[in-house]
1. Given a cut-off of under 8 Å on Cα pairs at least six residues apart, what relative contact order in percent is computed for the chain?
2. Report the GluC sites (Glu not before Pro) located in region 107-173 that are in a DSSP loop and have at most 11 other Cβ atoms inside 10 Å of their Cβ, or state none.
3. Mind listing the phi-derived Karplus ³J(HN,Hα) values for region 121-130, rounded to whole Hz, using 6.51, -1.76 and 1.60 with θ = phi - 60°, and x for any glycine or proline?
4. Taking a threshold of 25 Å on the Cα-Cα distance, which of the pairs K69/K135; K132/K186; K69/K186; K160/K186 fall above it?
5. I need two numbers for region 1-46: Rg to one decimal and Dmax as a whole number, Cα atoms only, in Å.
6. Taking amide H atoms as placed 1.01 Å from N in the peptide plane, list the residues 5 or more away in sequence, or in a different chain, whose amide H sits under 5 Å from that of G33.
7. Would you mind working out the accessible area per residue for region 1-130, using a 1.4 Å probe, and quoting it in Å²?
8. Once amide H atoms are built 1.01 Å from N in the peptide plane, which residues 5 or more positions from A21, or in another chain, come under 5 Å H to H?
Amino acid sequence: MTTAKIVGTEAGDARITWYEAERARLVLAVGHGAGGGVEARDLQAVAAVLPGHGVTVALVEQPWRVAGKKLAPAPRTLDVGWRGVWPALAAPGLPVVSGGRSAGARVACRTAAELGAVGVLALGFPLHPPGKPEKSRAGELLGAGVPTLVVQGGNDPFGKPAEFPDGEYELVEVPYADHGFAVPKKAEIGPEQAVTIITDAVAAWTASLG
């Protein structure tokens with residue numbers, strides 16, 4: 001069952017779209033990136049597959065997207081919006097995994113410990129701006145303070161898997177994939193295989209959380 005709900009936050013109205021599992025044991029809340037919304041292929045795939053594994057998925061649209069704006073606000077404002085929706089995400093009374101793609105993954109990492117998340121899912125974590133590895137955001141990832149899964153494209157200009165530092169997190173590579181998990185036509189895997197790598201990794205990891 002899919003339902004949508006508007007939730008007021010100090011940053012404006014956010015929207016949560018729920019994809020409910022019949023016998024849910026976890027809620028996986030996933031935010032979008034700065035360049036797009038919850039229509040991203042990886043978010044839609046997770047929402048379609050995970051409820052079959054006992055995980056209710058909540059796709060969260062930040063207030064700037066709900067308001068129709070084209071540019072994301074400062075990270076601090078994104079954090080305010082995420083904190084504002086958290087009570088609604090926790091309302092079912094289940095453990096909540098905080099997640100997101102790209103900028104949404106950074107938000108999840110920055111706020112996980114304070115909000116009481118049982119884990120962080122980082123899809124396409126933007127380790128650094130393209131071409132600027134010296135501007136590392138590794139501190140956000142390493143500071144999450146909870147079990148963390150990173151799913152990263154093998155050719156992501158925001159940080160290839162080999163660039164990630166050692167730390168207390170799991171990393172799954174999607175070979176050949178870019179930041180949006182698209183793969184070249186000549187790659188040894190196709191788009192469907194790339195998506196399956198993502199959903200299989202998330203399903204296995206969430207199962208390990210209990």
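The values are calculated or read from the model by the stated rules, or taken from the named source; none is laboratory data. Computed from a predicted model, the values in this text were never measured in an experiment. Methodologically, a virtual Cβ is constructed for each residue, glycine included, from the backbone with ideal geometry; neighbour enumeration extends over all protein chains shown. For the accessible areas, the whole protein counts, side chains as well, though only heavy atoms, and no ligand, DNA or RNA atoms are used. Shrake-Rupley method; radii C 1.70, N 1.55, O 1.52, S 1.80 Å.
1. Details: 473 pairs, mean separation 36.7, N = 210.
Dividing the mean separation by the residue count of the chain yields 17 percent.
2. Details: sites: E114, E134, E140, E163, E168, E170, E173; in loops: E134, E168.
Here the sparse-neighbourhood loop sites are E134, E168.
3. Each residue of region 121-130 in turn: 10, 10, 9, x, 5, x, 4, 7, x, x Hz.
4. Values: K69/K135 27 Å; K132/K186 27 Å; K69/K186 36 Å; K160/K186 19 Å.
Long pairs (Cα-Cα over 25 Å): K69/K135; K132/K186; K69/K186.
5. For region 1-46, the Cα radius of gyration and maximum Cα-Cα distance read 12.0, 34 Å.
6. Residues meeting the amide H criterion: R101, G104.
7. On the way: 5220 Å² over 130 residues.
Counting only protein heavy atoms, the per-residue value for region 1-130 is 40 Å².
8. For A21, whose amide H was placed from the backbone, the distant partners under 5 Å are T56, V57.
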